[in-house]
Amino acid sequence: MAMPTGNGNGVLFPAMLQVTSSRLRLSPNSEHKPEAYDDLQLEFSPLLFSSLERYLPPAMLNLSRDAKIQFMRDILVRYFPEAERTRVQKQREYRERIMSNYQPLYKELQTLDETKFFVPSFLQAVNAGTEESLRKIIIEPTPGVYSFEMLQPNFCEMLISEVENIERWVHDTKFKIMRPNTMNKYGAVLDDFGLEPMLNKLMDVYLRPMAKVFFPEISRLALDSHHGFIVEYGADKDVELGFHVDDSEVTLNVCLGKDFFGGELYFRGVRCDKHVNTVPHPEEIGDYTHIPGRAVLHRGRHRHGARATTSGQRLNLILWCRSSAYRELKRYQTEFSSWCGECLRRKKERQHRAVAATKMELLKRDGISTS
Ligand SMILES: O=C(O)CCC(=O)C(=O)O
Ligand SMILES: [Fe+2]
């Protein structure tokens, strides 16, 4: 028998007793208008509560707001480990410190204005949304890497000036900035500087149709979070970037400028965790030369690095797009021949061996000499 639950003061919620064992709905109740939870100072986003409310069992919908909060929080706490909650809380505090001290140079960067941000060819192809329209604007410098013209020169200049403004502010105030990742000593995480909603829209509206065409195995499941940042290279900045895979399902990398030599990307094939250090096959070896305004889109697991920027300054906008559903599914899989070059090679080898063994058996059975 289930023990009664209470609010910690010895008072029971009778209605809660009836529904705590109920399951969430499998599909959301689209007719239900969820309450607003914006005033809550909880460890989860108020939007998460509003979204989850649509999945509550019907009997719960008439309960008090507090009872619903308690029920939903219990679910979220089980799903979201404490270490992750602490990380999110620290990140929130870090961003609040930035937002209350940093004065942006261009507030207009925070709202995506498609005609000011993108070149017409990109916009037309994405708006048409067909495979044909998207294939028309891309080239594939090496298999699985797609390149296309994307950003307007004016937008690139604004973003570069904003990053320079960030670096000045960091220097003048001695702010302890978190760099984009362990590989870069320079650059800035744009999500920390108020550009997260803009980059979310970029991923959701403009990259989603592309990912659907070029990486269908991933984008059957939604890309639902991102890490957006700028990398900076030059004599007094980072010079090159070692061979690595990204912590993303799909990566967008757009060159913003300025004038530079070098900095080419080199690619060495897509690999799963198990095969990340295996040798590349000849057809997987390819280079890409950055051109300001031009983007490359590739799988995060596509192994790559950036050669030295030998003169001038190079800044690139990077968006690591992630899918929580894809990551969850991957945990239950052991073989990735649909995208890992090495899993595929080994699978083909096994098939060849099996076919050869069968042939041999048949020849022996028919008494034909195999020596
Ligand atoms: O420098 C570049 O263009 C590559 C950057 C990159 O691969 C990364 O930040 O993950
Ligand atoms: Fe990368």
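The values are calculated or read from the model by the stated rules, or taken from the named source; none is laboratory data. Everything numeric here is computed off the predicted structure, so don't read it as measured data. A quick note on method: Cβ atoms are made from the backbone with ideal geometry, for glycine too, and the neighbour counts reach across all protein chains shown. Quick note on the areas: whole protein, heavy atoms, side chains included, nothing else; ligands and nucleic acids left out. Shrake-Rupley method; radii C 1.70, N 1.55, O 1.52, S 1.80 Å.
For the chain, 156, 255, 321 have no disulfide-compatible partner, since no other Cys C-beta lies under 4.7 Å from theirs.
Using the Karplus relation 6.51 cos²θ - 1.76 cosθ + 1.60 with θ = phi - 60°, the per-residue 3J(HN,Hα) values for the stretch 224-239 come to 10, 7, 8, 10, x, 8, 10, 9, 10, 10, x, 4, 9, 10, 5, 9 Hz, with x marking Gly and Pro. The Cα-based radius of gyration of the stretch 231-371, divided by its Kirkwood radius, gives an Rg/Rh of 1.20.
If R0 equals 25 Å, the separation of the Cβ atoms of residue 114 and residue 225 corresponds to a calculated FRET efficiency of about 0.70. For the stretch 36-111, the C-alpha radius of gyration divided by 2.2 N^0.38 Å, with N the number of residues, is 1.41.
Name the residue farthest towards the positive end of the dipole of the stretch 14-80 from the options 44, 67, 24, assuming +1 on Cβ of Lys and Arg, -1 on Cβ of Asp and Glu, about the Cα centre. Going by the Cα projections, it comes out as 24. Charges were assigned to the Cβ only: +1 to each Lys and Arg, -1 to each Asp and Glu. The resulting dipole of the chain about its Cα centre is roughly 1400 debye. Would you mind telling me which residue in 124, 351, 91 has the biggest mean-square fluctuation in a Gaussian network model of the chain, where springs connect alpha carbons within a distance under 10 angstrom? Taking springs between Cα atoms under 10 Å, the residue moving most is 351. Take the chain with all the other protein chains still there, run a 1.4 Å probe, and you get 56 Å² of accessible area per residue.
Exposure check, 1.4 Å probe, all protein chains in place: residue 278 carries approximately 30 Å² of accessible surface. Could you pull out every whole DSSP H run in the chain that spans at least 15 Å of Cα extent along its own axis and averages -1.0 or higher on the Kyte-Doolittle scale? Sorted by number, the helices that extend far enough and score high enough are 65-79, 153-173.
When the inverse distances between all different Cα atoms of the chain are averaged and flipped, the Kirkwood radius reads 24.1 angstrom.
Per-residue ellipticity at 222 nm from helix content only, as computed over the chain with -39500 (n - 2.57) for each DSSP H run of at least four residues, stands at -11000 deg cm²/dmol. When the accessible area of the stretch 115-233 is split by element with a 1.4 Å probe, what percent falls to carbon and sulfur? Using a 1.4 Å probe with all protein chains present, the stretch 115-233 comes out at 53 percent carbon and sulfur. Counting only lysines at least 8 places from residue 359 when in the same chain, those with an alpha carbon closer than 18 Å to its own are 348.
For the listed residue pairs 116/330; 107/258; 237/330, the alpha carbons are over 27 angstrom apart in 116/330; 237/330.
Listed by chain and number, the lysines whose C-alpha is less than 17 Å from the C-alpha of residue 68, apart from same-chain residues fewer than 8 away, are 33. Calculated FRET efficiency, residue 258 to residue 358, Cβ-Cβ distance, R0 = 51 Å: about 0.25 to the nearest 0.05.
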